[in-house]
Amino acid sequence: MRDLPLRRYSLRLRADTYTDLAPALRGRPGGDEVRVVPVTEHVALGRYDRKPSAEQLILTVVRRGAGWSIVEDSDLADIGLFSSRNVWDFAAVDLLQRPDALVLHHDDRATAERIADETTQAAARVRDGWPLGWRGDVIVVIPRDAADLGRIFETTVDLSPFVAFAASSVRRHHGSYRLTGARVYLQPDTYFANSEAYQRDTLGHELLHIATRDLAGYFTTSWLEEGVAQVYGEVATPPDETLAQQVRAGTFRGRLPEAHEFFLGGSEQIRLSYQASASFVRYLLDRFGQDAPARFYARLGEQSPVSFGTGGYHLNRASRAVFGIAFDRLEQAWVRRLEQRY
């Protein structure tokens, strides 16, 4: 970590969760007192992190005499209590800085230079295209492989079909919901196998996700996230061939995708989810104006996570406020447009 441009690093005991997990230890280290405690790790990298990340560590701490020491952060991994991992936990990192982009990588300096340049260009496109404004600073991480990335995300989902991700920490405090410590992660096993034009479009897509972090909320849906990222972030949204085929065949279910359908159900289902999301956002744009999907995104993100009502209730409230129409009627009108078109 010595080479990182650390602006902040801190560990804070989480007093709102487990008080002590030491009874779950298989073996206890020597000392006068042993505890295993959840801690929030805050990391802010230079000017690129306006707000620090907030990830959980599970620390084994030992008192010997008057002093305490942290001795381990993975003692309870075998029961599913993992400490977060960053790219620098796997191997030494090199960093490359641009005025609005920081790239963290392991060894390929030439590739990192190209990614930094393309990130700067993509950030300029996003600033010009996203109606609600964005400062434009971003951190791009290139891990060694999909295995390291899976551990960073603490997921067992197969990441091999995916190209890149935007990820953030979630801070919940006194009923609020805030996304912090935003990063773009490239999945190197697939990202660099695609054309450079596709890579540039992918960066624009992920940077649009970063641009919306301050506006996202607990009730922001996956289809809205992906739809605005495609329409506002990509130079050329790919054709909706899978969606068109299903509408023609009468097999389209006439609804927007659920969150799990963006990563489960096979490649055709995943393609359909992205295509349907982009189609709906383009429909909003065509019907209500260039900034309408962005205003809808912001309104939905304002809803408090501890307010009454389901996700559907808040979706309907935001739709009525921005478009003057119930959301189910809006969705049905989009489906009718698809049927007429295809």
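The values are calculated or read from the model by the stated rules, or taken from the named source; none is laboratory data. Computed from a predicted model, the values in this text were never measured in an experiment. Reconstructed Cβ throughout: ideal geometry from the backbone, glycine too, with neighbour counts over all protein chains shown.
The number of residues in segment 127-137 being closer than 15 Å to Tyr48 by Cβ and surrounded by 14 or more Cβ atoms within 10 Å (Cβ to Cβ) comes to 3.
Restricting attention to segment 229-263, the residues being in contact with a helix residue (DSSP H, G or I) (Cβ under 9 Å, 6 or more places away or on another chain) and over 30 Å from Glu196 (Cβ atoms) number 11. Restricting to segment 180-215, and then to whatever is modelled with pLDDT under 90 and touching a helix residue (DSSP H, G or I) at 6+ places or on another chain (Cβ under 6 Å), can you tell me which residue is nearest to His105 (Cα to Cα)? Applying the filter and picking the extreme gives Asp189. The residues of segment 321-341 that are surrounded by 14 or more Cβ atoms within 10 Å (Cβ to Cβ) and either in a helix (DSSP H, G or I) or touching a Phe, Trp or Tyr at 6+ places or on another chain (Cβ under 9 Å) (or both), listed by number, are Val322, Phe323, Phe327, Leu330, Glu331, Trp334, Val335, Arg337, Leu338.
Residue count for segment 235-268, restricted to those that are more than 19 Å from Ala164 (Cβ to Cβ) and among the hydrophobic types (A, V, I, L, M, F, W, C): 6.
For segment 139-150, what are the residues that are surrounded by 15 or more Cβ atoms within 10 Å (Cβ to Cβ) and over 16 Å from His105 (Cβ atoms)? Don't jump to the end; show me each part of the working.
Our first condition is that a residue be surrounded by 15 or more Cβ atoms within 10 Å (Cβ to Cβ); within segment 139-150, this holds for 139-144, 146, 148-150.
Within segment 139-150, Gly150 is the sole residue that qualifies.
Within segment 65-109, can you find the residues that are more than 15 Å from Ala22 (Cα to Cα), in contact (Cβ under 8 Å) with a residue 12 or more places away in the chain and of a type in the set (A, V, I, L, M, F, W, C)? Within segment 65-109, Val87, Trp88, Phe90, Ala91, Ala92, Val93, Leu95, Leu96, Ala101, Leu102, Val103, Leu104 meet the criteria.
Show me the strands (runs of 3 or more DSSP E) entirely contained within segment 53-121 in which 3 or more residues are in contact with a helix residue (DSSP H, G or I) (Cβ under 8 Å, 6 or more places away or on another chain).
94-98, 101-105
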